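To start, the structure under review is shown below, and the notes come after it.
The values are calculated or read from the model by the stated rules, or taken from the named source; none is laboratory data. Being a predicted model, the structure only gives us computed values, none of them experimental. All Cβ positions, glycine included, derive from the backbone under ideal geometry; neighbour counts span all protein chains shown. The protein model used for the area step is the full one, side chains on, heavy atoms only, and it has no ligands, DNA or RNA in it. Shrake-Rupley method; radii C 1.70, N 1.55, O 1.52, S 1.80 Å.
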Amino acid sequence: MRSFEVPSFYRSPIISRVKAKRKSRDPRKQDFEPTVLNFGTVRFVLARHFGFCFGVENAIEIAYRAIDENPGKRIFLLSQMIHNPEVNADLQDRGIRFLQDTEGNMLTPMSELKHDDVVLIPAFGTTLEIEAKLKEIGVDVDTYNTTCPFVEKVWKRSAKLATEDYTIVIHGKPEHEETRATFSHSGEKGHALVIKNMAEAELLCGFISGQKDVSEFEVHFAGRTSKGFDPKVHLRRIGVVNQTTMLASDTQAISDRIKQAVDAKQANAGDVDFANTRDTLCYATNDNQQATQAALAEDLADMAVVVGGYNSSNTSHLVELCEATLPTFFIRNEREFLGNGTVQHYDWRLGLHQSTMDPWPLSGKDETPCILVTSGASCPDATVDRVMHAILKRYPGSKDVDDVLVDFEQRMAL
């Protein structure tokens, strides 16, 4: 897989060494066993995979190249390039302005754009409608388009299914930029519907089977279907794709449930069909989630710290996995650790910030306290590095970082 030119300040002396050694031992990424770093006073369990994914590194490389190649020009991001506050703040500090917020509300009117302005499409992609507006102004939407290749893969699969008269059911958060973009692309040549969870999948299955009256369809799915969508017609051939940052296991469960409903209907109507879309699941999302599950399965940790942007979908799902087993703290960066030992963290379900006084365990399952650490796909490794250093300050007398890394590298060499 190609490597990207990512600014060095996003790299981490600790995490980079760990990842480099793990990669040399396991280049095909078959081993999901976590890394354990023992600092004597505290141990860290690092998930095998976390941090910047292919799509994020691609987007960052393009964004910083756009800055270097266009001195003196106005540069805009359509919206947050990725859901990480540090990355977006650095781009703003370098002069990039946002056209929209993450909900699609305009921050800079399109009418202010000129044809020679530079506009970056974010990693989530954008809708065909917005792309058309930019082209109408004369803005180049191709040179600095940072849309993730795996998001585009979902669009291409959806377009192919649409030409075969399949309706595209999108498992995603309706308000998320990526879901809005996928909905737009999926509905270009056919019909699309967005569902956010298994409860809505069950509702949809009721309409597929005929157990629910189609007159109720709009009550549940208003604003989330393509123009001209008719549940009596467009629930006969179905393919399920996802917002690539959702829990892969949830998407698969939803897909299996809808297939079950379609197969049952098929017994009475030969033209009902279900498309296999397993190939649209994002490899990076899968790897990060499987690595977190593998780290949890080791049953070493006493608590978990998940680092990433609070509006990051893939990060919130890592939190969801961890908190099913461990006390879990969802933080943006090391600045969430206050001087009095208090940790500020985020409840992703309620959308609220919380504070907990000095949660660090003094002893653990194996005497020395153990903390699982992972991060979202849009979080720089350097941020995780700083978080680990901040935690070490709560455990005076810890071993030297370089000594711990040398010990890890020697164990890996055996």
*Carbon-plus-sulfur fraction of the accessible area of segment 292-414, 1.4 Å probe, in percent?*
50 percent
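For segment 7-51, what does the accessible surface come to per residue with a 1.4 Å probe? Please give it in Å².
Dividing the accessible area of segment 7-51 by its residue count gives 46 Å².
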_In Hz, Karplus ³J(HN,Hα) per residue of segment 186-191 (6.51, -1.76, 1.60; θ = phi - 60°; x = Gly, Pro)_ = 5, x, 5, 10, x, 10
*Entry for Rg/Rh (Cα atoms, Kirkwood Rh) (calculated from the structure that is shown) out of (1) 1.14; (2) 0.95; (3) 1.00*: (3)
_For residue 371, what residues show an amide H to amide H distance below 5 Å, using hydrogens built from the backbone and excluding near sequence neighbours?_
43, 44, 45, 302
*Just the Cα atoms of segment 1-139, one point each, no solvent: what log10 I(q)/I(0) does Debye give at q = 0.22 Å⁻¹?*
-1.38
*Residue by residue through segment 321-329, which ³J(HN,Hα) values in whole Hz follow from phi under the Karplus form 6.51 cos²θ - 1.76 cosθ + 1.60 (θ = phi - 60°), with glycine and proline marked x?*
5, 5, 6, 6, 10, 10, x, 10, 10
*asked:* With just the Cα atoms defining each centre, how far is segment 9-69 from segment 100-145? Give it in Å.
replied: 31 Å
*Once phi is turned into θ = phi - 60°, what whole-Hz ³J(HN,Hα) does the Karplus curve with 6.51, -1.76 and 1.60 give for every residue of segment 107-120, x standing for Gly and Pro?*
9, 10, x, 4, 5, 7, 6, 10, 4, 9, 6, 9, 10, 9
*asked:* If you count only protein heavy atoms with a 1.4 Å probe, what accessible area per residue comes out for segment 94-142, rounded to a whole Å²?
replied: 51 Å²
*Ranked from highest to lowest mean number of other Cβ atoms within 10 Å per residue, what is the order of the peptides 109-117, 400-408?*
400-408, 109-117
*So what is the relative contact order for the chain, in percent, with contacts set as C-alpha pairs under 8 Å and at least six apart?*
22 percent
*asked:* Is the C-alpha gyration tensor of segment 88-151 telling us rounded, prolate or oblate? Criteria: a/c under 1.5 is rounded; beyond that, a/b larger than b/c is prolate, otherwise oblate.
replied: rounded
_If you filter segment 270-359 for trypsin sites (Lys or Arg not before Pro), then keep DSSP loop positions with at most 16 other Cβ within 10 Å, what is left?_
349
*When all C-alpha to C-alpha distances in segment 276-404 are sorted into bins of 5 Å, what percent of pairs does each bin hold, rounded to whole numbers?*
2, 10, 19, 23, 21, 14, 6, 2, 1, 1, 0
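Which percentage, to the nearest 5, of the DSSP beta bridges contained in the chain is antiparallel?
The antiparallel proportion sits near 30 percent.
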*Return the calculated 222 nm mean residue ellipticity for the chain, to the nearest 500 deg cm²/dmol, obtained by summing -39500 (n - 2.57) across DSSP H runs with n ≥ 4 and dividing by the residue count.*
-12000 deg cm²/dmol
*Relative to the longest principal Cα axis of the chain, at what angle does helix 248-266 sit, 0 to 90 degrees, rounded to 10?*
30 degrees
*Taking H as built 1.01 Å from N, whose amide H comes closer than 5 Å to the amide H of residue 120, not counting residues under 5 places away?*
76, 77, 78
*Enter the accessible area per residue of segment 202-324 (Å², integer; probe 1.4 Å; all protein chains in place).*
40 Å²
_Accessible-area value, residue 154, 1.4 Å probe, nucleic acids and ligands omitted, Å²_ = 0 Å²
_Accessible heavy-atom area order of 54, 4, highest first, probe of 1.4 Å_ = 54, 4
*Sequence-distant residues sharing a close amide H with residue 238 (under 5 Å, placed H)*: 167, 273, 274, 275
*Hey, any idea what % of segment 35-94's accessible area is carbon plus sulfur with a 1.4 Å probe?*
45 percent
_residue 325 accessible area, assembled protein chains, probe 1.4 Å, Å²_ = 90 Å²
*Throw me the Rg/Rh for segment 330-414, computed over C-alpha atoms with Kirkwood Rh, two decimals.*
1.00
*Have a look at 69, 334, 131 and tell me which one the Gaussian network model of the chain (Cα, springs below 10 Å) gives the largest fluctuation.*
69
*Go through 114/189; 19/73; 153/232; 133/160; 73/189 and tell me which ones have a Cα-Cα distance over 27 Å in this structure.*
114/189; 19/73; 153/232; 73/189
*When you count, for each residue, the other Cβ atoms within 10 Å and take the mean per peptide, how do 350-361, 8-19 rank with the highest first?*
8-19, 350-361
*Taking Cα atoms, how many degrees apart are the long axis of helix 13-25 and the longest axis of the chain, rounded to 10 and kept between 0 and 90?*
70 degrees
